[in-house]
1. Of the numbered conditions (1) surrounded by fewer than 16 Cβ atoms within 10 Å (Cβ to Cβ); (2) closer than 21 Å to A:K17 by Cβ; (3) within 12 Å of chain A (Cβ to nearest Cβ), B:I13 satisfies every one except a single condition; which is it?
2. Any residue at all in the stretch A:85-93 that is closer than 30 Å to B:Y59 by Cα, in contact with a strand residue (DSSP E or B) (Cβ under 9 Å, 6 or more places away or on another chain) and surrounded by 14 or more Cβ atoms within 10 Å (Cβ to Cβ)?
3. Hey, could you check the stretch B:58-73 for residues that are within 11 Å of chain A (Cβ to nearest Cβ) and loosely packed, with under 13 Cβ neighbours inside 10 Å and say which is modelled with the highest pLDDT?
4. Give just the number: which of (1) in a helix (DSSP H, G or I); (2) more than 22 Å from the chain's Cα centre (by Cα); (3) without any contact (Cβ under 8 Å) to a residue 12 or more places away in the chain does A:D65 not satisfy?
5. Being surrounded by fewer than 19 Cβ atoms within 10 Å (Cβ to Cβ), in contact with a strand residue (DSSP E or B) (Cβ under 9 Å, 6 or more places away or on another chain) and either within 14 Å of chain B (Cβ to nearest Cβ) or under 18 Å from B:N63 (Cα atoms) (or both) is the requirement here; does A:T70 meet it?
6. Cβ-Cβ under 8 Å, sequence separation 6+ or interchain: first residue in the stretch A:30-43 and over 21 Å from B:E18 (Cβ atoms), partner assigned to a loop (DSSP other than H, G, I, E, B). Which pairs?
7. Could you figure out which of (1) under 28 Å from B:E55 (Cβ atoms); (2) surrounded by 14 or more Cβ atoms within 10 Å (Cβ to Cβ) isn't true of A:Y28?
Amino acid sequence: MKKNLKKTTDYEEKSEKEHVIKLNPKIYPLALVFKAAYILIDTAYIVVDGDPESELLVFIRSKGDVDAKTLAERFNDELINFSVYESQSKKNAVLRQEYLKRALLTNITKTDDDYIEDKEGIFVPWEEKYG
Amino acid sequence: MDNIQINASSVQIMLNPEIYNSLIIKQAIKDFSGVADIKQNGKIIIVPKEKKDIENIGYEFCNYLIGLVQSGQT
């Protein structure tokens, strides 16, 4: 288990304020990395580097008092959150579409052609009415 | 961070074009033009208009790029 973990995510502490996370892009794609990074931009400075095909490097630098290791762990949590969300969303895509179809269909109601009441005979042409 | 070098009056940023596309970088340069003079020739060289910004402007630029990538602005 530990061996596998090291292949997907690897930490390297540069200083108390800086941390580098190495990620396997086949497990955490670039789009997912950016989503997780976006969550942290209020508390950290983040730069993504590396090779999108083989290894992504995420540099995290703390903005305030929070140490970089804590931020790196939070980043990892966000990565897991987003990857679970993505996989669940893929799984439920068909079901979601069916719900949407059903919801749209229930709003379609049958209407009669002669639903307008013409009590005063306004819609009757002049020729028909008076010859 | 190895990608960001802070000098006396400027900041140099080296970004991977496979990760940050050029349109997003151009948009960020345009948006930062009010607070800094920015040149791009392989590297991005930022000269802030106020010297007190020099410590953080490079990092803020990188965070801004992440924001642009997320909002899908090109």
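The values are calculated or read from the model by the stated rules, or taken from the named source; none is laboratory data. Nothing here was measured: the structure is a model prediction, and the numbers come from that model. Counting neighbours? That spans all protein chains shown, and the Cβs are built from the backbone with ideal geometry, glycine included.
1. If we test B:I13 against (1) surrounded by fewer than 16 Cβ atoms within 10 Å (Cβ to Cβ); (2) closer than 21 Å to A:K17 by Cβ; (3) within 12 Å of chain A (Cβ to nearest Cβ), just (1) comes out false.
2. no
3. B:S71
4. That leaves (1) as the condition not met.
5. Against the criterion (surrounded by fewer than 19 Cβ atoms within 10 Å (Cβ to Cβ), in contact with a strand residue (DSSP E or B) (Cβ under 9 Å, 6 or more places away or on another chain) and either within 14 Å of chain B (Cβ to nearest Cβ) or under 18 Å from B:N63 (Cα atoms) (or both)), A:T70 does not qualify.
6. Taking only residues 6 or more apart or on different chains, the pairs are A:D42/A:K63; A:T43/A:K63; A:T43/A:G64; A:T43/A:V66.
7. Only one criterion is unmet by A:Y28, namely (1).
To keep it simple, each residue is scored yes or no on (1) acidic (D, E); (2) out of contact with any helix residue (DSSP H, G or I) (no Cβ under 9 Å at 6 or more places or on another chain); (3) at the interface with chain A (Cβ under 9 Å from one of its Cβ atoms); (4) under 20 Å from A:V33 (Cβ atoms).
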{"position": "B:N3", "(1), (2), (3), (4)": "no, no, yes, yes"}
{"position": "B:I24", "(1), (2), (3), (4)": "no, no, no, yes"}
{"position": "B:K30", "(1), (2), (3), (4)": "no, yes, no, no"}
{"position": "B:D37", "(1), (2), (3), (4)": "yes, yes, no, no"}
{"position": "B:N41", "(1), (2), (3), (4)": "no, yes, no, no"}
{"position": "B:K49", "(1), (2), (3), (4)": "no, yes, no, no"}
{"position": "B:N56", "(1), (2), (3), (4)": "no, yes, yes, no"}
